[in-house]
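Student: Take this structure, written in structure tokens, and hold onto it; I'll ask about it next.
What follows is calculated from the coordinates using simple rules that are stated; it is not laboratory data. For clarity, every value in this text was computed on a predicted model and none was experimentally measured. Neighbour counts are summed over all protein chains in view; Cβ atoms, including those assigned to glycine, are modelled from backbone coordinates with ideal geometry.
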Amino acid sequence: MRTIDWVDGAVELVDQTLLPDKLVMLRIHTVAELVDAIRRLAVRGAPALGVAGALGVVLADGDPAQIAELRAARPTAVNLAWGVDQAAARLPQGREAVLAAALKVRDDDIAACHAMGERGADLLEGDRLRIMTVCNTGGLAAVERGTALGVVQTLHERGRLAEVLALETRPLLQGARLTTWELARMGAPHRLVADSAGPYLLAKGGVDAVLIGADRIAANGDTANKIGSYALALGAERAGVPFVVIAPESTIDPGTPSGEHIAIEDRGDDEIVSFRGVRVAPEGTRALNPAFDVTPHDLISAIVTEQRVIRP
Ligand code: MRU
């Protein structure tokens, strides 16, 4: 199954807001529909956003206003703007050239995820690995296989995976809803843990490696990823557990010198003060809702891309 693809002149994607209960494909014909799908996280995860951005330029049919709106639909994952730029660069050559560039972004992502899975699995030592991860970095966050969860899949295929501890990932539960769904489909042993249990479980010695994805890697190696990643990095450092970032080269942003320059999306009060439309905090409670955090490069053991292993 492909999470996002170009089918019969439209963007087809899995509506991730409905998982794990329903697997529904959305057919998207306009940039406005695609921007809405991105903002409400029907499609999400940095590599999938890169493909969405590239395919969206085909839908925009050369309209600069629509292309700009698509490029800015979410701010943190650099892949979205990168994907838009890959396709938009071919606008002078016409629609077929734009489509070819967008399909290349899709195909390159599939190949990159395979390569990252192999390289990441080669890097880790041990035969029966207990892996901790946050958010969803699997095939649902890319086109197929994914980044950190792609490494998990390769480890599982090689018979080297003991268990995955998946953090639930408040407030939108990408770990509880999506990562568990993917792990169950691949037959990989896993347990779901509350986000706040992560550092404690690391301290107890129950984890051999933390594997995460990335939304933007600054030039100095500082890495923005789903909120909760930084707490795991601190816990891993204290426990002496490797903390490894798995991301394609397209997530590295040489134009951003360090983490403090990364724009972090704040998704507003509602996701925090309520759950699935039911208010859980007193009326009028204000919230802070950063969707991502930044892990400083000195807490990262290695960054694995489809081309190399970088040790910050
Ligand atoms: O808000 P989301 O669900 O788009 O956040 C996704 C993440 O933070 C992922 O870890 C990241 O995009 C890497 S996905 C391979």
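Student: As I understand it, the dipole of the range 178-312 uses +1 on the Cβ of Lys and Arg and -1 on the Cβ of Asp and Glu, about the Cα centre. Which of T179, H190, S274 lies farthest toward its positive end?
Tutor: H190
Student: Once the Cα atoms of helix 78-88 and of the chain are each reduced to a long axis, what angle between those two axes, in degrees from 0 to 90 to the nearest 10, is obtained?
Tutor: It is inclined by approximately 30 degrees.
Student: Let me ask something else. So if I restrict to the alpha-carbon atoms in the range 1-134, what is the Rg, and what is Dmax, the biggest pairwise distance, in Å?
Tutor: Both quantities, over Cα of the range 1-134: 16.0, 53 Å.
Student: Going highest first, how would you order 182-190, 43-51 by mean Cβ packing within 10 Å?
Tutor: Values: 182-190: 16.3, 43-51: 29.3.
Those peptides, ordered most packed to least, come out 43-51, 182-190.
Student: Can you tell which of R106, R238, R286 shows the greatest fluctuation in a Gaussian network model of the chain with Cα springs below 10 Å?
Tutor: Highest fluctuation among the options: R286.
Student: For the chain, give the share of DSSP beta bridges that are antiparallel, in percent and rounded to the nearest 5; count only bridges with both residues there.
Tutor: Of the beta bridges lying entirely in the chain, close to 50 percent run antiparallel.
Student: Note the angle between two axes, namely the Cα long axis of helix 229-239 and the longest principal axis of the Cα atoms of the chain, as a number of degrees from 0 to 90, rounded to the nearest 10.
Tutor: The helix 229-239 is inclined about 30 degrees to the chain.
Student: So what is the relative contact order for the range 114-236, in percent, with contacts set as C-alpha pairs under 8 Å and at least six apart? Before the final figure, lay out each step's value.
Tutor: On the way: 214 pairs, mean separation 32.6, N = 123.
Result for the range 114-236 is 26 percent.
Student: Within the range 171-201, list the residues whose amide N lies under 15 Å from a label point set 7 Å along Cα→Cβ of L41.
Tutor: Counting only backbone N, you get 171-181, 195.
Student: Arranged from highest to lowest average of other beta-carbon atoms within 10 Å per residue, in what order do the peptides 22-30, 140-148 appear?
Tutor: Sorting 22-30, 140-148 by mean packing, highest first, produces 140-148, 22-30.
Student: Please report, to one decimal in angstroms, the Kirkwood hydrodynamic radius of the range 175-284 built from all distinct Cα-Cα pairs.
Tutor: About 16.3 Å for the range 175-284.
Student: Could you name the lysines whose alpha carbon sits less than 27 Å from that of K204, not counting residues in the same chain fewer than 8 places away?
Tutor: K226
Student: Normalising by the residue count of the chain, find the relative contact order in percent from Cα pairs under 8 Å and 6+ residues apart.
Tutor: 16
Student: Now a separate question. Indicate the gyration tensor shape class of the range 27-105 (rounded, prolate or oblate), computed on the Cα atoms with a ≥ b ≥ c the square roots of the eigenvalues: a/c under 1.5 is rounded; otherwise a/b larger than b/c is prolate and the rest oblate.
Tutor: prolate
Student: If you don't mind, another one. Could you tell me what a quarter of the Cα convex hull surface of the range 251-312 works out to, in nm² with one decimal place?
Tutor: Values: hull surface 25.7 nm².
Averaging across all directions leaves 6.4 nm² for the Cα convex hull.
Student: Let me ask something additional. Q307 label point, 7 Å along Cα→Cβ, cut-off 12 Å on backbone N: hits in the range 22-62?
Tutor: none
Student: Here is a further query. Out of A89, A42, A231, any idea which swings most in a Gaussian network model of the chain, alpha carbons joined below 10 Å?
Tutor: A89
Student: Next question. List the pair-distance distribution P(r) of the chain, using every Cα-Cα distance, as the percent of pairs falling in each 10 Å bin from 0 up to the bin containing the longest distance, rounded to whole percents.
Tutor: 6, 29, 37, 22, 6, 0
Student: Evaluate E = 1/(1 + (r/R0)^6) for A287 and S196, where r is the Cβ-Cβ distance and R0 equals 22 Å; express this FRET efficiency to the nearest 0.05.
Tutor: 0.85
Student: Further question: Most fluctuating residue of G117, G94, G221 in a GNM of the chain with Cα springs under 10 Å: which is it?
Tutor: Judging by the Gaussian network model, the answer is G94.
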